[in-house]
Amino acid sequence: MVQPKPINGKLEYTGKVQPQLGEKGAKGQLLYPYLPNPELVEAVNLAIYLERPLLLKGEPGCGKTLLASAVAYELNLKLEAWYVKSTSRARDGLYTYDAVGRLRDAQLAASGRLTPEQILRIDDPTSYIRWGQLGRAFQEPQRTVVLIDEIDKADIDFPNDLLLELDQKRFIVEETGQEIEAKAVPIVFITSNDEKDLPDAFLRRCLFHYVEFPNRERLIKIVNALFPTSSEALVKEAVGSFWRLREKMQEDKGEAGKKVSTSELIDWFRVLRRYPEDEALAKLDGKIPYAGVLLKRWDDHVRYLRQNRESE
């Protein structure tokens, strides 16, 4: 892994430093090549320079989430990933306080069932704090990449509850009065699938970039980067079939409907590679084999089967 590369005292992301196939990150997760376009690289560097969160939107499966891992890898920075759920609260990313555990320990101490060392813990409320992703990032001496993934899954108040922390880079632990201020401003990426509108006050504090779906040439580069031993003929034929399917879905469904995504193309190509090249190419001859890997809605299956029958 390379060392962070300062440019005029600032870090710069190029998108050109890629992990080796099969390489794992610090937490054991597999790392994958990521090929951003120049506009996305520029947006990342503006976010780094301005110390503002970068809000990423784009259709599901276009690579929004993987960007944070790619930036952390190239700049050799720690990654803190916060995957938002419908039950997530903004404070969860800062810290959680185990008030129930402290009460339990106090009751055990009153009954004489704790050691002197355990009793001392009760008098230290900070020992019942568990730091969240942002809380840990604020306390790191070196800049940390923080991913807040699918922020629109949470309650509408969730983004507003993070305004102070993202804007002033500090927060207060209410139970102890401790103020945590960022030692090094984290590089924050926030993804959204546009399932609900985000508050204006929140948007004002972010930079924005829409991650465009890759064109056919970039898809070929992505597949080649992930499967470097695959033949040129198979890659071009598979991407061509995928692209024609996507264009047809675009024609039939417009912008609003779900279309096949990059992540589904990768899964589909991995299935095709199970077979010898000549057999895989034969399966692709005017057809979409293993359509269930790409088409996830029944109406898409029906539409594809109807079109396939009409072409025969």
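Restricting to the range 273-295, name every residue that is aliphatic (A, V, I, L, M) and part of a helix (DSSP H, G or I). Within the range 273-295, Ala280, Leu281, Ala282, Ala291, Val293 meet the criteria. Any residue in the range 31-43 that is closer than 16 Å to Thr144 by Cβ and out of contact with any Asp or Glu (no Cβ under 8 Å at 6 or more places or on another chain)? Looking through the range 31-43, none of the residues is closer than 16 Å to Thr144 by Cβ and out of contact with any Asp or Glu (no Cβ under 8 Å at 6 or more places or on another chain). Pairing residues of the range 10-34 that are on the phi < 0 side of the Ramachandran plot with residues that are in a loop (DSSP other than H, G, I, E, B) and among the polar types (S, T, N, Q), at Cβ distances under 9 Å and at least 6 apart in sequence or on separate chains, gives Leu31/Gln18; Leu31/Gln20; Tyr32/Gln18; Pro33/Gln18; Tyr34/Gln18.
Any idea how many residues of the range 244-271 are over 24 Å from the mean Cα position of the chain (by Cα), crowded, with 16+ Cβ neighbours inside 10 Å and under 28 Å from Val41 (Cβ atoms)? Here the count works out to 0.
The set of residues in the range 175-202 that are free of Cβ contacts under 8 Å to residues at least 12 places away in the same chain, of a type in the set (D, E, K, R) and farther than 28 Å from Lys64 by Cβ contains only Glu179. Screening the range 174-187 for residues that are closer than 29 Å to Gly101 by Cα and either out of contact with any strand residue (DSSP E or B) (no Cβ under 6 Å at 6 or more places or on another chain) or among the polar types (S, T, N, Q) (or both) and picking the one that is surrounded by the fewest Cβ atoms within 10 Å (Cβ to Cβ) gives Gly177. Summed over the range 11-58, residues that are assigned to a loop (DSSP other than H, G, I, E, B) and charged (D, E, K, R) total 6. Looking at the range 188-198, is at least one residue over 13 Å from Tyr95 (Cβ atoms), in contact with a strand residue (DSSP E or B) (Cβ under 9 Å, 6 or more places away or on another chain), of a type in the set (A, V, I, L, M) and not in a loop (DSSP other than H, G, I, E, B)? Checked the range 188-198: at least one residue is over 13 Å from Tyr95 (Cβ atoms), in contact with a strand residue (DSSP E or B) (Cβ under 9 Å, 6 or more places away or on another chain), of a type in the set (A, V, I, L, M) and not in a loop (DSSP other than H, G, I, E, B).
Of the helices (runs of 4 or more DSSP H) lying entirely inside the range 88-144, the ones with 3 or more residues being loosely packed, with under 12 Cβ neighbours inside 10 Å and at pLDDT 75 or above are found at 99-110. Restricting the first member to the range 63-74 and to residues that are touching a residue at least 24 places away in the same chain (Cβ under 8 Å), and the second to residues that are among the β-branched types (Val, Ile, Thr) and part of a helix (DSSP H, G or I), the beta-carbon pairs closer than 8 Å and six or more apart or on different chains are Gly63/Thr262; Leu67/Val44; Val71/Val44. Quick check on Glu212: is it over 23 Å from Lys57 (Cα atoms) and either in contact with a Cys (Cβ under 6 Å, 6 or more places away or on another chain) or among the acidic types (Asp, Glu) (or both)? It is false that Glu212 is over 23 Å from Lys57 (Cα atoms) and either in contact with a Cys (Cβ under 6 Å, 6 or more places away or on another chain) or among the acidic types (Asp, Glu) (or both). Of all the residues in the range 10-60, those that are surrounded by 13 or more Cβ atoms within 10 Å (Cβ to Cβ) and within 15 Å of the chain's Cα centre (by Cα) number 17.
Looking only at residues of the range 63-87 that are under 11 Å from the mean Cα position of the chain (by Cα) and of a type in the set (Phe, Trp, Tyr), we find that the one that is surrounded by the fewest Cβ atoms within 10 Å (Cβ to Cβ) is Tyr83. All of Val185, Val260 fail the test of being β-branched (Val, Ile, Thr), part of a loop (DSSP other than H, G, I, E, B) and in the same structural domain as Pro33 (by TED's automatic domain parsing), apart from Val185. Contact map, the range 275-304: residues that are at positive phi and in contact (Cβ under 8 Å) with a residue 12 or more places away in the chain paired with residues that are surrounded by 11 or more Cβ atoms within 10 Å (Cβ to Cβ) and of a type in the set (Val, Ile, Thr), Cβ distance under 7 Å, separation 6+ or inter-chain. Pairs shown: Tyr290/Val271.
The values are calculated or read from the model by the stated rules, or taken from the named source; none is laboratory data. Given the structure is predicted, the values throughout are model-derived calculations rather than measurements. Neighbour counts run over all protein chains shown; Cβ positions are idealised from the backbone, glycine included.
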